[in-house]
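This report refers to the structure that appears directly beneath it.
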Amino acid sequence: MESFFTRYRNLVVLLVVVVAQMVGLAVQVRRNTSGQSTLNTKDQSGVRLIRLWANAIVSPPEEAIHFMKMGAIGLWENYIDLRGVKKKNRQLEKTIGRLRLEQAELLEDARQGERLEALLKFQENYVYKTLPAQVYGTSGSLGSHVFYIDKGSADGLKRDMAVITPDGIVGKLQDVFPHSAQVLAINDQTSGAGVILMPTRIRGILEGNASGQLEVVGVLADERIKPGAQVLTAGDDMIFPRGLPVGVVEKIAPDPERVGFVYVMVKPAAHLNRLDEVLVITSTKPYFSAQAKQDIATSQALDGTKAASLSAQQRNALINAEDLPTLLEPNVPADKQPLFDSAPPALPPQPPQPVHPDIFSPPATAQGGNAGQAAGTGPEQGAPAPITNAAGNGTGKTGAQAVPRRHR
Amino acid sequence: MAVIGSSLRRDLEIRRYPILVYVLVPLASLVLQAWLPRELGRFAWFDLPLVVTVYFALGRRSPIQGTVMGAVLGLFEDALSHRAIGVNGIAKTAVGFMAASVGIRIDVENHAIRLLLTFLLSLLSSAICIFIYRVLLGLEYKWQWFTELFIAIGNAVVAVMLFPLLDRLQIKDY
């Protein structure tokens, strides 16, 4: 037996090492009820020790290399290559001024949107708290699109937090270590995000393919989907907030496995292969920075000015309204107003009696108001008389109804 | 007598290195493998831990050492990725064993042989990885043959450049 192990010790060691690793793999991979194998994701609260060890061994020198490189770049950019900085600074200051104005306007829109959302009881928010982080390394494997950032659980990061850049989404946190974290990029095969194709609002799932390109799968063929269309996050994956830019449609290709479906190739908005700094969305609760709060206060002050202006307009309108004709006499007590006159109103005059009544003529009934008229009518007065008031001014209004216009 | 002569010849050709080299070179390969793809993007067609595994396996001519070196580096590579731990480990274990086994039989000083050997062992490593993912584990794993080919070519080129540099680190008896 001893000679057997001595003779074949190389093969024995090989077998032992391989079998041990296969057992390790078998522990990690599970087969679900539908017959598909998945990595064991039952306990996602922690990190496997071997990953922690690997990270602890590889990350410090990797970070050191990265920061040495950044230091060299900083030395060059901050001390050596300073030509034209003043001119650039002036341009940037102008840009900042313009952007602040735009930001104030956008914040006002955001506040309005927030109020509307509260009315509709929507639980989504669009102002987020983020934590900037430096990217210092990758997994080193082309088949595994993950990278490492220099912030970890000590900075409040947790698994499945979204990672973005100002250009667009980048990925989500996979494993979080004390002072670093692993980010699963959106172009990895195992990554997934709900997206909307604009302007058609067709929904799909964003995945990475074998060559690290982004593609939206599960999309029915639709001729309205054109290259150049914007792709935004849908917000239904509970990781990426709604409306963040993902990229633009680059190409549409038929899905060879499913008739009627297409692959939509997407050019990412963020430079996934050249990331330096990223933002981790640590909270989706509304958050305003000090500058934003100041802008909001300014905006509210502007609202007060607008309100004052509206009030002045209303006052002027009231003053003008007083100049218009009215049924009320301002200098007469309320009970003496002509409108409250208890005397019976003058009845309108009756038309003269016809000389030769016919079937259309009204019956000749004697009424007090027009008795004189009826008595005094003759053939020469047969023409209809104008309706006159008691004063006979011929305006068609009674003396009680007409109030002279008051001039100020 | 022939056996003794052969054994002596083999022993003489076994390379020895300072302990630090056994630690620092594999560590450097892991660190650079993790750092360089960030700088090179998707053109990082090489696998430095595999190249280092092949180098030490060929130099030491010990299948056991090659096996252990490959297993350790492969496991660390897996641990740095988000995939199952052990796939690269098994692949590099096999590569280390094969490289050492071949190194006993042929002259590995020749650059052309080094280049060809690294190229073939890289392809073997890729094939084992794909086999484990898709057949053994039944996991969905998309791959492209030309990417694996480019990685194998890249490894061969890196090996030709790196091996002479690492040769300088060996302990010489004279």
*Plugging the Kirkwood radius over Cα pairs into Stokes-Einstein for segment B:2-167, at a temperature of 4 °C and a viscosity of 1.567 mPa s, what D comes out in µm²/s?*
80 µm²/s
*Taking segment A:27-110, which GluC sites (Glu not before Pro) meet the DSSP loop condition and have no more than 11 other C-beta atoms within 10 Å?*
none
_If you average the alpha carbon positions of segment A:172-196 and of segment B:13-83, how far apart do those two centres end up, in angstrom?_
26 Å
*Across peptide B:135-141, what mean number of C-beta atoms from other chains lies inside 10 Å of a residue's C-beta?*
5
*If you rank B:HIS82, A:HIS145 by fewest surrounding Cβ atoms within 10 Å, what's the result?*
B:HIS82, A:HIS145
*Among the listed pairs A:LYS88/A:LYS129; A:LYS226/A:LYS267; A:LYS88/A:LYS151; A:LYS69/A:LYS172; A:LYS129/A:LYS151; A:LYS69/A:LYS94, which are separated by more than 20 Å between their Cα atoms?*
A:LYS88/A:LYS129; A:LYS88/A:LYS151; A:LYS69/A:LYS172; A:LYS69/A:LYS94
*Karplus couplings for segment A:219-228 from phi (6.51 cos²θ - 1.76 cosθ + 1.60, θ = phi - 60°), rounded to Hz, Gly and Pro as x?*
10, 6, 4, 8, 5, 6, 6, 10, x, x
*Output the relative contact order of chain B, whole-number percent, from Cα pairs under 8 angstrom with separation of 6+ residues.*
24 percent
*asked:* As an exercise, identify the GluC sites (Glu not before Pro) in segment B:94-171 lying in DSSP coil whose Cβ has no more than 16 other Cβ atoms within 10 Å.
replied: B:GLU109, B:GLU140
*asked:* Of the candidates B:GLN144, B:GLN33, B:GLN65, which one comes out as most mobile in a Gaussian network treatment of chain B with C-alpha springs shorter than 10 Å?
replied: B:GLN144
*Candidates per trypsin sites (Lys or Arg not before Pro) in segment A:130-209, loop by DSSP, up to 15 other Cβ within 10 Å*: A:LYS158, A:ARG201
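Bear in mind that the values in this text are calculations on the coordinates, not laboratory data. This one's a predicted model, so the numbers in the text were calculated from it and none came from an experiment. We place every Cβ from the backbone using ideal geometry, glycine too, and count neighbours over all the protein chains shown.
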